[in-house]
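Following: one structure in structure tokens, then a few remarks.
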Amino acid sequence: MRRKIKKIRKRDGRIVDFQQEKITNAIFKAMVAVGEKDKKLAKKLSNEVVEILEKRFEGKKIPSVEEIQDIVEEVLIKNRLSKVAKAYILYRKKRAEIRKLKRVLGVKDDLKLSLNAIQVLKARYLLKDERGRIIETPKEMFQRVAKVISRRNKEKEKEFFEVMSKLEFLPNSPTLMNAGTRIGQLSACFVLPVEDSIEGIFEAVKNMAIIHKSGGGTGFSFSRLRPKGDVVKSTMGVASGPVSFMKVFDITTEVIKQGGKRRGANMGVLRVDHPDIVEFITAKEKEGMLRNFNISVGVTDSFMEAVENNEDYYLVNPRNKKRVKKINAGDIFDLIVSMAWRTGDPGLIFLDEINRHNPTPSLGEIESTNPCVTGDTLVATSKGLESIDEIVGKEREILIDPRLNGGAPEVKKAKRIFKSGIKKVYKLRTRSGYELKATRDHLILTPNGWCSLGMLKKGDKVLIQSIGVFNKDDSLPFDVEKLNLKSPRRELNLPDKWSRELGQVLGWLIGGGALTREKAIFYFGADEYNLLPYFAKILNKWNNCEVKPHEYGGVRRLQYHAQGMVEFFSRLGVKKVKSMDKEVPKTIFTATKEAVSGFLQALFTADGTIGTGKNRGQVRLTTASEILAKQVQLLLLSFGIKSKRYRRKYSKSKPFVYTAKKGEKRYYESRGNYYYELVITRQNLERFYNEIGFLEGKKEKVFIERMPNKRGSFYTDTFEDEVDFIEEVGLAEVYDLTEPYSHSFIANGIIAHNCGEVPLLPYESCNLGSINLAKVVEGGRMNWKKLAKLVNIGVEFLDNVIDANKYPLREIEKMTKGNRKIGLGVMGFAEALIKLRIPYASRRAVEFAEKLMRFISEQARKRSEELGEEKGSFPNFDQSVFADKYKAMRNATVTSIAPTGSISIIAGTTSGIEPIFAVVYLREILEGMRLVEINQLFENIAIEREFYSEELMEKVAKYGIVQGIEEIPEDVKELFKTALEISPEQHVRIQAAFQKYVDNAVAKTVNLPYHATIEDVRKVFWLAYKLKCKGITVYRYGSKEEQVLYLGTEKTCRMETCPL
């Protein structure tokens, strides 16, 4: 049936074609919102709407949008679909609010752009009068730009306006902002040289300020500056180094807003062989430092080879080219990786790869520590607590704290355990007394995530071990049978397996006994007489001969002289030392749970007390040995028992003279002024009672009497502790391990972590523009013919920008016009893939990226060649690599992939070649302004596939991702994988696919989830180098307090709830 209604009137007065399917979709969406999913009914209802329209408007005026929507409401109510009608009315109200918001913003939206686009345009792009009022519309902005760039060519002006107004192509921000204005600066990025003199440095600062004021960004190589501490001959003073001067650039940038619209941005590069490279790498360690800089280390092929071969390389003073120091390349690379993981900076620039593709080499070259712990650190393994220096190169399963493993403890195999060299280490001590010696960059787990040891301060909380694992092998670590035969008079009956009894004997020997060269002695005070028979029975059995107790000064003792017995205890790790030097026997750390429990039970019975008064029920262990107190504290953590360690001062006692056995007079003076206490309180008392307790006797009885027994008396203690202090210890041999599951390990009871822009010559600038690929996909297919047309228009547009530009510096104008570099790129790549039904995280995406960029590059080069023949080649053509291959070439470079942050918002598409960041997310666009963005393609597919619902959209909005939501089909989940869900390797492969056919560099960030590891960053950097990228940047979600994009409708993504 032929429809009579052919046109409708839009709200702005425009007459457009009538499309009934829009009515059908609007009705169906309202139905879905209330749980109805009947597309046939939606079609039937839209037919009714059309019938009414034709009756009411036959031969009369053209119906308006509002009149059609009124009829839709009428039809819904008439069919008794009140809920659907309500949903439709709410939809109309929402759209009306958006139109109202646009009016409030003071922008007449004559191109029907998104609210986000309107806010960005108002804030940065649309012209304003002296009072700050908007004086142009988006359409008029594009007309202004087209007029200036077309250079009075009416045909080109129309062509340029059409592609911009349809959002098919957009130039970089300065062109949109400044074309046709007094400023007139149209370029995006500039490279400024920084010479090694005060005059040269501050000339660069001045030039930067001029460029920022005109709307451009700047890049610097600080590699020419002499290092910190080097001589300054003119004053005989000392140089402060590149990083100190970078702070001057940074502060200057902070106070200059670009044209009042755009805050300045800087790229800072330092060669990896500069003597100040370590200071540069760590320059942004503290949040807020160099906030207006992205920094990258310029690395060479020789450096990367040295890293691969674990070789040293030389640092070179740029002032005199002298070698000043030799350092390990692997250590520097590890430091770069660690800092990138923690802060997002530095990135890497592969200088040799860039210069291999330098189109004008005769004009010059383009410039533009592994965390470790000390060897005595006790690591929680499946065998118990083991010193890391003794398990180097061995296979071990490492304990993962439950908070990093979904609430359950688990052991995972370490990939490698290794010595890392000699480095400066620091001691971290908590208020409860837990200690760890590690390098400054070693990451420690806090309630807010990982933080480097060097960034922690007094009062910060760190997470400590909440549970342990014990060795299941009850065999003793030496041959006991030989010891049984060692005593000449009789054969001993020593145990060859761990048991509670053996642990108890060792505990009493440490707490209430002593080991000498000739004998093992066990003492029992008056309150402990009842325990003597218990231990005598065990020891006499082992001794294979009864030993009678002796009493001296009210203290009874058992003495065993058998050589095999003495050696037995010595082999178990009991040392022949005085009380202040006693330690936990080494073998106890890897004993069975029963043996360790028995050891602690006997030790606390021998040297423990139970508090009274306000300390009622508290359990205390008192010892003269600091190391013993530390070790016992760690053993208690394996049972989930937290304790506090204190150092107490002895009451002063006078020295005295006494008579020795042989009658000689001796002078006694106390050697130690301190003793140490472990105190167990709170819920830890209940755990102590259940897991350890006291041996039967007076202390056990007192403990039971004084222990809180009322419900709620055990108030909660957390497995967190506050930092007391961090102090430098000095140089030490250090070690690390790789645990590939959680990338963590427990070290001395503390949870620890294991281990792109356009390259330009000095004074060059580059003009960037991007094709919106989403506009090139039509009917689920690429329109290659349309793409070729857009490439041709884009190349000519950007080439014209060079001549229309007002340059901030004469040197820049000369260099830019000499090479006429342009950078045509793309945006909306991810949206195009979705329209083509190609998952970003697939091989097809990589293949398509390569095919796409090859097409664009060849077409762009062809158009530049044509323009060269028409208008003349760039002046430095004869000195370029093109001189032997082409008759003419207008531009030294033609392609580049820019970030397209703001212009992609204007275009309503995805940024550059990045994947979608989220299906729903918040975007920080300008100093505190946050915008909610919902992926329209997902919403459309949900309606089309009939799984759309308001509840589903709310569920997706919570985290911004679709994985793990059952209602969504698997193929749709795959299609809408977000940046944080795509493997780091895939990010790099996509970048490399584009880089293969891009003249300049590819601006892309490898976005990593919060839980990504340092090893992930390492893999990204290596893969980028191997795949011949020109630069690489990573950013781990949440690694900075402020960031541009936020997942979902929450600004934060908490560790315990974030699905990533």
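The values are calculated or read from the model by the stated rules, or taken from the named source; none is laboratory data. In this text, all values refer to a predicted model and were calculated from it rather than measured experimentally. Methodologically, a virtual Cβ is constructed for each residue, glycine included, from the backbone with ideal geometry; neighbour enumeration extends over all protein chains shown.
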#### Entry: Only one of L980, L975 that is of a type in the set (A, V, I, L, M, F, W, C), surrounded by 19 or more Cβ atoms within 10 Å (Cβ to Cβ) and modelled with pLDDT under 90
L980
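Every residue, every condition in (1) in contact with a helix residue (DSSP H, G or I) (Cβ under 9 Å, 6 or more places away or on another chain); (2) acidic (D, E), yes or no:
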| residue | (1), (2) |
| --- | --- |
| Y552 | no, no |
| M565 | yes, no |
| E583 | yes, yes |
| I588 | yes, no |
| Q601 | yes, no |
| F604 | yes, no |
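If the requirement is being within 30 Å of D878 (Cα to Cα) and either in contact with a Lys or Arg (Cβ under 9 Å, 6 or more places away or on another chain) or in a helix (DSSP H, G or I) (or both), which of these qualifies: K789, K851? Quick ask: steps written out before the conclusion?
Details: K851 fails: within 30 Å of D878 (Cα to Cα).
None of the other options fit; the residue is K789.
Considering only residues that are hydroxyl-bearing (S, T, Y) and either out of contact with any helix residue (DSSP H, G or I) (no Cβ under 9 Å at 6 or more places or on another chain) or assigned to a loop (DSSP other than H, G, I, E, B) (or both), look in segment 145-183 and name the one that is surrounded by the most Cβ atoms within 10 Å (Cβ to Cβ). Write out each step before concluding.
To start, the set of residues in segment 145-183 that are hydroxyl-bearing (S, T, Y) comprises 150, 165, 173, 175, 181.
With either out of contact with any helix residue (DSSP H, G or I) (no Cβ under 9 Å at 6 or more places or on another chain) or assigned to a loop (DSSP other than H, G, I, E, B) (or both) added as a condition, the list becomes 150, 181.
On the way: S150: 20, T181: 14.
Out of the qualifying residues, it is S150.
If you take the residues of segment 665-686 that are among the charged types (D, E, K, R) and exposed (fewer than 15 other Cβ atoms within 10 Å of the Cβ), which of them is modelled with the highest pLDDT?
Only one residue tops the list, namely R666.
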### Message
Of everything in segment 687-715, what is at pLDDT 85 or above, buried (at least 18 other Cβ atoms within 10 Å of the Cβ) and assigned to a loop (DSSP other than H, G, I, E, B)? Give them in sequence order.
### Response
I692, G693, F694, L695
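Which residue, of K614, K586, K630, is at pLDDT below 95 and basic (K, R)?
On the way: K586 fails: at pLDDT below 95; K630 fails: at pLDDT below 95.
K614 is the lone residue from the list that is at pLDDT below 95 and basic (K, R).
Give the number of residues within segment 416-449 that are part of a loop (DSSP other than H, G, I, E, B), within 30 Å of V679 (Cβ to Cβ) and at pLDDT below 85. Spell out how you get there, then give the answer.
As a first pass, look at segment 416-449 and keep what is part of a loop (DSSP other than H, G, I, E, B): 431-434, 439-442, 447-448.
Still in the list and also within 30 Å of V679 (Cβ to Cβ): 431-434, 442, 447-448.
Imposing the further condition that a residue be at pLDDT below 85 reduces the set to 442, 448.
Counting residues in segment 416-449 that are part of a loop (DSSP other than H, G, I, E, B), within 30 Å of V679 (Cβ to Cβ) and at pLDDT below 85 gives 2.
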### Summary
Out of (1) within 17 Å of I913 (Cα to Cα); (2) surrounded by fewer than 16 Cβ atoms within 10 Å (Cβ to Cβ), the one N783 does not meet is (1)
### Task
Kindly indicate whether any position in segment 828-835 is in contact with a Phe, Trp or Tyr (Cβ under 7 Å, 6 or more places away or on another chain) and of a type in the set (F, W, Y).
no
### Message
Quick check on segment 208-259: of everything there that is of a type in the set (S, T, N, Q) and buried (at least 20 other Cβ atoms within 10 Å of the Cβ), which residue is modelled with the lowest pLDDT?
### Response
Q258
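Restrict the check to segment 575-586 and report whether at least one residue is buried (at least 21 other Cβ atoms within 10 Å of the Cβ), farther than 22 Å from K519 by Cα and not assigned by TED's automatic domain parsing to the domain that holds N748.
For segment 575-586, residues buried (at least 21 other Cβ atoms within 10 Å of the Cβ), farther than 22 Å from K519 by Cα and not assigned by TED's automatic domain parsing to the domain that holds N748: absent.
Could you grab me the full set of residues in segment 114-144 that are outside any helix (DSSP H, G or I) and crowded, with 20+ Cβ neighbours inside 10 Å?
As a first pass, look at segment 114-144 and keep what is outside any helix (DSSP H, G or I): 114, 126-137.
Correct list: L126 only.
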### Task
Could you run through segment 161-177 and say how many residues are in contact with a strand residue (DSSP E or B) (Cβ under 7 Å, 6 or more places away or on another chain) and small (G, A, S)?
1
## Note on the structure
Checked pairs for segment 1025-1040, first under 15 Å from E287 (Cβ atoms), second among the polar types (S, T, N, Q) and surrounded by fewer than 19 Cβ atoms within 10 Å (Cβ to Cβ), C-beta under 9 Å and 6 or more apart or across chains, list as Y1035/Q1043; G1038/T1052
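Scan segment 184-235 for residues that are in a loop (DSSP other than H, G, I, E, B), among the β-branched types (V, I, T) and in contact with a Phe, Trp or Tyr (Cβ under 6 Å, 6 or more places away or on another chain) and jot them down.
Restricting attention to segment 184-235, the residues satisfying the condition of being in a loop (DSSP other than H, G, I, E, B) are 184-188, 193-197, 214-216, 222-230, 233-235.
Those still in the list that are among the β-branched types (V, I, T) too: 194, 235.
Correct list: V194 only.
Quick one: how many residues across segment 995-1038 are part of a loop (DSSP other than H, G, I, E, B) and more than 27 Å from T893 (Cα to Cα)?
Step one: filter segment 995-1038 for residues part of a loop (DSSP other than H, G, I, E, B), giving 996-1001, 1003-1004, 1009-1013, 1027-1030, 1037-1038.
Okay, now just the ones that are also more than 27 Å from T893 (Cα to Cα), so 1009-1013, 1037-1038.
Qualifying residue count for the region: 7.
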### Task
Give, as residue ranges, the strands (runs of 3 or more DSSP E) completely inside segment 268-356 that count at least 2 residues that are closer than 26 Å to F418 by Cα and touching a helix residue (DSSP H, G or I) at 6+ places or on another chain (Cβ under 9 Å).
312-316, 323-328
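If I filter segment 973-984 for residues that are outside the structural domain of R342 (by TED's automatic domain parsing), over 22 Å from L833 (Cα atoms) and either part of a helix (DSSP H, G or I) or small (G, A, S) (or both), do I get at least one hit?
First pass over segment 973-984, keeping only residues outside the structural domain of R342 (by TED's automatic domain parsing): 973-984.
Now narrow it down to the ones that are over 22 Å from L833 (Cα atoms): none.
Checked segment 973-984: no residue is outside the structural domain of R342 (by TED's automatic domain parsing), over 22 Å from L833 (Cα atoms) and either part of a helix (DSSP H, G or I) or small (G, A, S) (or both).
Being of a type in the set (V, I, T) and either in contact with a strand residue (DSSP E or B) (Cβ under 6 Å, 6 or more places away or on another chain) or surrounded by fewer than 18 Cβ atoms within 10 Å (Cβ to Cβ) (or both) is the filter; apply it to segment 53-81 and report the residue that is farthest from K93 (Cα to Cα). Spell out how you get there, then give the answer.
To start, the set of residues in segment 53-81 that are of a type in the set (V, I, T) comprises 62, 65, 68, 71-72, 75, 77.
After this cut, where a residue has to be either in contact with a strand residue (DSSP E or B) (Cβ under 6 Å, 6 or more places away or on another chain) or surrounded by fewer than 18 Cβ atoms within 10 Å (Cβ to Cβ) (or both) as well, the list is 62, 65, 77.
On the way: I62: 23, V65: 14, I77: 17 Å.
Selected residue: I62.
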### Summary
Residues in segment 371-415 that are of a type outside the set (D, E) and part of a loop (DSSP other than H, G, I, E, B) total 18
### Message
Given the condition in contact with a Lys or Arg (Cβ under 9 Å, 6 or more places away or on another chain), assigned by TED's automatic domain parsing to the domain that holds Q20 and modelled with pLDDT under 85, answer yes or no: does some residue in segment 73-89 qualify?
### Response
yes
### Query
Does segment 543-601 hold any residues that are of a type in the set (F, W, Y) and closer than 21 Å to D473 by Cα, and which are they?
F568, F569, F589, F599
### Sole exception among (1) touching an Asp or Glu at 6+ places or on another chain (Cβ under 6 Å); (2) surrounded by fewer than 24 Cβ atoms within 10 Å (Cβ to Cβ) for N772, by number
(2)
